[in-house]
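Visitor: Take a look at the following structure, please.
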Amino acid sequence: MTSAPPAGPGVVKTAPGPAAPLPPPAGRRDVRRALTRALPVSPAVVLLLLFLAGPIAYCAYIAFTDLQLTGQAESSFIGFDNFKAAFKDDAFLNAVWLTLVFTVLSSLIGQNTLGLTLAVLMQRASKPVRTVTGGIVIAAWVLPEVVAGFLLYAFFRREGTLNAVLDWLHLPSQNWLFTLPILAVSFANVWRGTAFSMLVYSAALNEIPKEITEAAEVDGAGGWRRMWHITLPMIRRSIGTNLMLNTLQTLSVFGLIWVMTRGGPGNRSQTLPLFMYEQAFQKSMIGYGTAVALLLLVVGSLFSLVYMRLLRTEV
């Protein structure tokens, strides 16, 4: 290996230029990239912390106090006394039971099953039938909860539409809001909320490749076998999503039941939201009512965790 020849007399040596700046460390680049990506969503995060996480944290604090609306100079921290009182309260336990009945009947069974049935039938119906049926079902969904409650109250009351039809058919009638109040409000919630399930399942059914169902039909699989072995497994994630959203919405139903029965007669249709309202605003026990609301939040969270675990399961 030969060395470079020395510079001649006509060659001018130039000083080396400044060194190129070193790139920032990898960790700093990652932090900068993460901050850049988070910048567009930061206003939404601030609003959620201010108007959602903040009130939830304040309610969680109130649940451990004896705060009242009237007749109290200042509140004090009482620990878990509100929660202990709730589980010893027969009215609270009755509200828990009625909430479970209302949720299972109107959401898990009613809205879910009827929505899937309508979606399957509309897949095979003609376009005019789909348009009319979808319009009627969605019209019930877009009605305000209070308006829907008044409509169903007029349907189930003693002099209502249902008894008029039964009298015309010479069948026995009754005061449905007195004899079967929890079933009446469950039916009302099914009537109002089925449209959402129908839309979710209609979109899921449209995503199933027709080649699969046609191949199963050629192989001799009947309608029930195709539904059980092909359709339901392929839309299982949509079923889980629909069940989660319907359950959370049903757990918080207040206006519909309040308009129809106000939790009565007695407390035979008093679900947890109505019980919470009675304790907090009618009996002025804000601390106790907030503790009940916190327990309702825990119940909803448990349902969400179960459904999210089901959604993570691969088909």
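The values are calculated or read from the model by the stated rules, or taken from the named source; none is laboratory data. None of the values given here were measured: they were computed from a predicted structure. Here the Cβ positions follow ideal geometry from the backbone for every residue, glycine too, while neighbour counts run over all protein chains shown. Heads up: the accessible areas ignore ligands, DNA and RNA and are worked out on the full protein's heavy atoms, side chains in. Shrake-Rupley method; radii C 1.70, N 1.55, O 1.52, S 1.80 Å.
Visitor: State which residue is surrounded by the fewest Cβ atoms within 10 Å (Cβ to Cβ) when the search covers only the stretch 261-313 and only residues that are over 20 Å from Y61 (Cβ atoms) and of a type in the set (G, A, S).
Guide: Selected residue: G266.
Visitor: Just to verify a result, which residue in the stretch 67-97, among those that are of a type outside the set (A, V, I, L, M) and under 26 Å from the mean Cα position of the chain (by Cα), is least open to solvent (accessible area, probe 1.4 Å)?
Guide: F92
Visitor: Please go through the stretch 152-163 and give me each residue that is open to solvent by 60 Å² or more (accessible area, probe 1.4 Å), of a type outside the set (V, I, T) and part of a helix (DSSP H, G or I), ordered by number.
Guide: Passing the criteria: Y153, F155.
Visitor: Within the stretch 111-127, which residues are open to solvent by 30 Å² or more (accessible area, probe 1.4 Å) and in a loop (DSSP other than H, G, I, E, B)?
Guide: The one that is open to solvent by 30 Å² or more (accessible area, probe 1.4 Å) and in a loop (DSSP other than H, G, I, E, B): S126.
Visitor: Follow-up question, since we're still on this one. If the Cβ limit is 6 Å and pairs must be 6+ apart or interchain, which residue in the stretch 160-181 that is within 23 Å of F102 (Cβ to Cβ) pairs with which residue that is assigned to a helix (DSSP H, G or I) and open to solvent by 50 Å² or more (accessible area, probe 1.4 Å)?
Guide: From the stretch 160-181, the pairs are T161/F155; L162/F155.
Visitor: Conditions first: (1) closer than 29 Å to G263 by Cβ; (2) open to solvent by less than 90 Å² (accessible area, probe 1.4 Å); (3) without any contact (Cβ under 8 Å) to a residue 12 or more places away in the chain; (4) part of a helix (DSSP H, G or I). G54 passes all but one, so which condition is the exception?
Guide: The number of the failed condition is (1).
Visitor: Looking at (1) closer than 21 Å to Y153 by Cβ; (2) under 22 Å from the mean Cα position of the chain (by Cα), can you tell me which one M198 breaks?
Guide: That leaves (1) as the condition not met.
Visitor: How many of the residues making up the stretch 48-75 are among the small types (G, A, S), modelled with pLDDT of 90 or more and in contact with a strand residue (DSSP E or B) (Cβ under 8 Å, 6 or more places away or on another chain)?
Guide: So the count comes out to 0.
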